[in-house]
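Undergrad: The structure is given below, and queries will be raised subsequently.
A short reminder: the numbers here are calculations on the coordinates, not readings from a lab. All values reported here derive from a predicted model rather than from experimental measurement. Here the Cβ is made from the backbone with ideal geometry for all residues, glycine too, and neighbour counts use every protein chain on show.
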Amino acid sequence: MRLSRYFMPILKENPKEAEIVSHRLMLRAGMIRQQSQGIYSWLPLGKRVLDKVNAVIREEQNRAGAIELSMPTLQSAELWQESGRYDAYGKEMLRIKDRQERPMLYGPTNEEMVTDIFRASVKSYKDLPLNLYHIQLKFRDEIRPRFGTMRSREFMMKDAYSFDLTREAAEHSYNKMFAAYLRTFDRLGLRAIPMRADTGPIGGNLSHEFIILADTGESEVFCHKDFVGFDIPGERTDFDSVEGLQAIFDKWTSLYAATSEMHDEAAFNAIPEGERLSARGIEVGHIFYFGTKYSEPMGAKVQGPDGKEHFVHMGSYGIGPTRLVPAIIEASHDDNGIIWPASVAPFDVVVINMKAGDEACDDTCELIYAALTKAGKDVLYDDTDDRAGTKFATADLIGVPLQIIAGPRAVANGEVEVKDRKTGARETMTIEAAINRFVA
Ligand code: ATP
Ligand code: MG
């Protein structure tokens, strides 16, 4: 992508409305724009990051055996009347009428709809286990939307829903998502700690929130500090192994970890003082097992091996991609801007032409841009005629992990500089070596 032809509306000034660093940096880097309270457009740079976050989420959901589909944002009120949540949900639900005066709503979550899809076609235990997910916009009329896309009214959610014949089988499905979440957040460069959670309006009795530690987090959390160093389940994790996944779950729930709602002061104080961690955190994921809470009222049942009909045991599993993007920034930035982990960086590398219009600089940059693009890299080429200082500041602000800097003096020697955004380390090398470093 040539910056001269891209759309990346950088702000020079710090936006006054932004209270936390991620919101400030997302606005300054031209990633998002608020359209009305708590409702955002994702501008091209932000969209790239969001897509990469979703790609990681999708890969790990698929690895754990979940199957992607797509459900609509607008739902009929009827389904929610069946489950009893139409009245229970309250003001967070945006209720709408269509031209025939039929009550509709903008989905805050999809338990009812997916249960409807399930009951229409699954009739036998032989079709279980089943886990269906989508990545879709939700709307919750939050009383206090704030911090940009961290807490917005319209937001994106990956929500998965599992169906099993028995509680035991449902717990295995729960453990699959538990392990998939550990892997997902790790790949996004985050250390997320599962904490026992309240089940809230979703209902049920087994639930964990995945919390990342950050000073600007809205939740108060308490846990054992060993969680910070725990091993993440590897790529070869066997998701069909009941014992293997139970062992992962047991290990990751063996120590104390709770948000303030579930906090047990006495249990926490029983941990030796030097091993306690009391901090603030951001909830990036939440998983629930809720048994037959929806399958009973909505009549979702299958025939078991005993020939009888059984209401299915369900769970639901949410991750907030539009919250994860700012959460990653909260965890990874410095005074100059964002520092993206490679897995979600909007571009792999930015090529900075320090003197656009200078024939040698232009030729060198074009050569590098073409070679890296051909190698399948996402390359941003700063071919604008801005001052070098402005270009450096922009490259640092948008947080692309590596920069290739081509200035007239180095180029005259057949060289460029490669800068690591995170460490700030710069290395001069031949043009060929710079290309090989990315291609190899
Ligand atoms: P919170 O406690 O932060 O209001 P929640 O418990 O209501 O969230 P869940 O129903 O558990 O949220 O939703 C699953 C995930 O969706 C959350 O873990 C979070 O990542 C994301 N999410 C929920 N509400 C919002 C929001 N208003 N803005 C952005 N992301 C959200
Ligand atoms: Mg939650």
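Undergrad: So how many residues does segment 204-260 have that are touching a residue at least 60 places away in the same chain (Cβ under 8 Å) and within 24 Å of G281 (Cα to Cα)?
TA: Here the count works out to 24.
Undergrad: Among the residues in segment 192-209, are any surrounded by 17 or more Cβ atoms within 10 Å (Cβ to Cβ), assigned to a loop (DSSP other than H, G, I, E, B) and more than 16 Å from ligand 2 (Cβ to nearest atom)?
TA: no
Undergrad: What's the number of the only condition in (1) assigned to a strand (DSSP E or B); (2) touching an Asp or Glu at 6+ places or on another chain (Cβ under 8 Å); (3) within 16 Å of H208 (Cβ to Cβ) that I352 fails to meet?
TA: In the conditions (1) assigned to a strand (DSSP E or B); (2) touching an Asp or Glu at 6+ places or on another chain (Cβ under 8 Å); (3) within 16 Å of H208 (Cβ to Cβ), I352 misses (3) alone.
Undergrad: Of everything in segment 121-145 that's within 11 Å of ligand 1 (Cβ to nearest atom) and without any contact (Cβ under 8 Å) to a residue 60 or more places away in the chain, which residue is farthest from V302 (Cα to Cα)? Don't jump to the end; show me each part of the working.
TA: Narrowing segment 121-145 to residues within 11 Å of ligand 1 (Cβ to nearest atom): 137-145.
In the following step, the residues that additionally are without any contact (Cβ under 8 Å) to a residue 60 or more places away in the chain were identified as 140-141, 143-144.
Working: R140: 32, D141: 36, I143: 40, R144: 42 Å.
Out of the qualifying residues, it is R144.
Undergrad: Being part of a loop (DSSP other than H, G, I, E, B) and basic (K, R) is the filter; apply it to segment 293-312 and report the residue that is surrounded by the most Cβ atoms within 10 Å (Cβ to Cβ).
TA: First, the residues of segment 293-312 that are part of a loop (DSSP other than H, G, I, E, B): 293-294, 299-300, 304-308, 312.
Okay, now just the ones that are also basic (K, R), so 293, 308.
Working: K293: 23, K308: 9.
Among them, the one singled out is K293.
Undergrad: Anything in segment 413-430 that is loosely packed, with under 13 Cβ neighbours inside 10 Å and among the basic types (K, R)? List them, or say none.
TA: R426
Undergrad: Then there's this: I need the full set of residues from segment 89-131 which are on the phi > 0 side of the Ramachandran plot and not in a loop (DSSP other than H, G, I, E, B), in order please.
TA: G90
Undergrad: OK, next. Could you run through segment 17-59 and say how many residues are closer than 22 Å to I135 by Cα and either among the aromatic types (F, W, Y) or assigned to a strand (DSSP E or B) (or both)?
TA: The qualifying residues number 8.
Undergrad: Next question, about the same structure. In segment 307-336, which residue that is small (G, A, S) and within 16 Å of ligand 1 (Cβ to nearest atom) is nearest to Q61 (Cα to Cα)? Break it down into steps so the answer makes sense when it comes.
TA: We begin by selecting, within segment 307-336, every residue small (G, A, S); these are 307, 315-316, 318, 320, 327, 331-332.
Filter once more, so that each one left must be within 16 Å of ligand 1 (Cβ to nearest atom): 315-316, 318, 320, 327, 331.
Details: G315: 14, S316: 13, G318: 11, G320: 14, A327: 20, A331: 23 Å.
The qualifying residue nearest to Q61 (Cα to Cα) is G318.
Undergrad: In addition: Going by the conditions given, is S162 away from ligand 2 (no atom under 16 Å from the Cβ), hydroxyl-bearing (S, T, Y) and touching a residue at least 12 places away in the same chain (Cβ under 8 Å)?
TA: Criteria met by S162.
Undergrad: Among (1) farther than 30 Å from I339 by Cα; (2) surrounded by fewer than 21 Cβ atoms within 10 Å (Cβ to Cβ); (3) in contact with a Pro (Cβ under 7 Å, 6 or more places away or on another chain), where does D164 come up short?
TA: Here D164 meets the rest and fails (2).
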